[in-house]
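Structure first, commentary second.
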Amino acid sequence: MMQQYLRIKDEFPDTLVFYRMGDFYEVFFDDARKANRLLDITLTARGLSAGEPVVMAGVPVHSLDSYLAKLIRLGEAVAICEQVGDVATAKGPVERKVVRVVTPGTVTDTELLADKSDALLLAIARHGKTFGLAWLALTGGELGLTECSERELGAWLARLAAAEVLVDREQIGSAHGNAFTGAQPGAAFTVTHRPAWQFDAALGARKLCEQLRVSTLAGYNAQDLGTAHAAAAALLAFAEHTQGQVLAHVRALRVQRASDLLELPPTTHRNLELIQTLRGEPAPTLLSLLDTCRTGMGSRALRQWLTQPLRERRVAAQRHDAIDALHDGALTSRHDGAVAPAHDSGGRTAA
């Protein structure tokens, strides 16, 4: 059994492996010590492996979500290893394999997601002085792309507020580090290193076309964003790896450019306390005071409008007109369940 576990662990060296054994998920050796420190669960030892006691700890299967939620908040990744073989016919240990990997940027379980913010996965590539960014909210199924300079990178990190950032382990350096530390003090995101070969522009363009089911990215005005394509290659590969399947629901792409947005440097985000107080708390902030949305989807849209305000006045005006229309012509429900238009005091049907 330990040989089976160690083979699986070799494939996920930087990830906590929750190894299913009956009614418990067990963690072993250094993973067990880490889980003991982070989750305050009891360490035990059983038998020997290579002459050393097998240090282990476990969590009940029925309590998995609560432990996962805590680990995700701490920025940890967890590989869930299930029994896939038939216990009755198995000779030796029952066959097991990792069925999913849960990371801060690839959470899809509603029990683990925050209601009012997306768990955003962001990848960053670099070519010369240009940084390419690709991001994805798995629950929403929309990809985003942009390119920026080193000076602008911190502002983009503050805008996007990603839960997890993928970087090329061979290029991570002072430029990334300075932008990360200056993005938003108190901002919590996990930095995950990926192999350099995954950040390939040609591969990224091809994967984007396949994902969107198009022959060219020209329709999205994304055909010339080579550095962002490189980031997208790593982003899509990592997302598919963690989900254990193709991302069939991801069918939208949005290209953003700094020229389309009002410039809000990280210090402005921080001092205006848009989504986080100076102490790093979620309230009281501008978002917490304005957010009376009935759904998480509405809260996430409002959050995006506050952190990524568009320069285009027409868009803001359209939003105001829509709000006026809802206030002046609110719909009322008839007893038969159909929706009827409301009327103002003069008997006219509201628009």
Practice problem: Being open to solvent by less than 60 Å² (accessible area, probe 1.4 Å) and part of a loop (DSSP other than H, G, I, E, B) is the filter; apply it to the stretch 4-50 and report the residue that is farthest from T192 (Cα to Cα). | Solution: G22
Quiz item: When the stretch 304-330 is examined, which residues are found to be closer than 25 Å to L145 by Cβ and in contact (Cβ under 8 Å) with a residue 24 or more places away in the chain?
Solution: L306, T307, Q308, P309, L310, R311, E312
Practice problem: Among residues belonging to the stretch 199-234 that are assigned to a helix (DSSP H, G or I) and in contact with a Ser or Thr (Cβ under 8 Å, 6 or more places away or on another chain), point out the one that is most open to solvent (accessible area, probe 1.4 Å). | Solution: A201
Practice problem: Tally the residues that are of a type in the set (V, I, T) and part of a loop (DSSP other than H, G, I, E, B), restricting the search to the stretch 92-123. | Solution: 6
Exercise. Quick one: which residue in A134, A123, A155 is open to solvent by less than 20 Å² (accessible area, probe 1.4 Å), touching a residue at least 60 places away in the same chain (Cβ under 8 Å) and touching a Gly at 6+ places or on another chain (Cβ under 8 Å)?
Key: A134
Quiz item: Say we look at the stretch 195-221 and pick out the residues that are aromatic (F, W, Y) and touching a strand residue (DSSP E or B) at 6+ places or on another chain (Cβ under 8 Å); which of these is farthest from G128 (Cα to Cα)?
Solution: Y220
Practice problem: With the checklist (1) in contact with a strand residue (DSSP E or B) (Cβ under 7 Å, 6 or more places away or on another chain); (2) free of Cβ contacts under 8 Å to residues at least 24 places away in the same chain in hand, flag the one item F28 doesn't pass. | Solution: (2)
Quiz item: Is there any pair linking a residue in the stretch 33-46 that is farther than 15 Å from S66 by Cα to one that is in a helix (DSSP H, G or I), with Cβ under 8 Å and at least six apart or on different chains, and which?
Solution: T42/N36; L43/A32; L43/R33; L43/N36
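Table: residues versus (1) over 17 Å from the mean Cα position of the chain (by Cα); (2) of a type in the set (A, V, I, L, M, F, W, C); (3) modelled with pLDDT of 90 or more.
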position: E240; (1), (2), (3): no, no, yes
position: V246; (1), (2), (3): no, yes, no
position: R254; (1), (2), (3): no, no, yes
position: T267; (1), (2), (3): yes, no, no
position: N271; (1), (2), (3): yes, no, yes
position: M297; (1), (2), (3): no, yes, no
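Per-residue answers, yes or no, for (1) of a type outside the set (K, R); (2) at pLDDT 75 or above; (3) touching a Ser or Thr at 6+ places or on another chain (Cβ under 9 Å):
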| position | (1), (2), (3) |
| --- | --- |
| R46 | no, yes, no |
| Y67 | yes, yes, no |
| E82 | yes, yes, no |
| E95 | yes, yes, no |
| E111 | yes, no, yes |
Quiz item: List the pairs whose first member sits in the stretch 275-303 and is in a helix (DSSP H, G or I), whose second member is exposed (fewer than 12 other Cβ atoms within 10 Å of the Cβ), and whose Cβ atoms are under 8 Å apart, counting only residues at least 6 apart or on separate chains?
Solution: G296/D115; S299/D115
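The values are calculated or read from the model by the stated rules, or taken from the named source; none is laboratory data. It should be emphasised that the depicted structure is a prediction, and the values quoted were computed from it without experimental measurement. Every residue, glycine among them, receives a Cβ derived from its backbone with ideal geometry; neighbour counts consider all protein chains shown. Ligands, DNA and RNA are stripped out before the accessible areas are found, and what is left, the full protein with its side chains, is counted by its heavy atoms. Shrake-Rupley method; radii C 1.70, N 1.55, O 1.52, S 1.80 Å.
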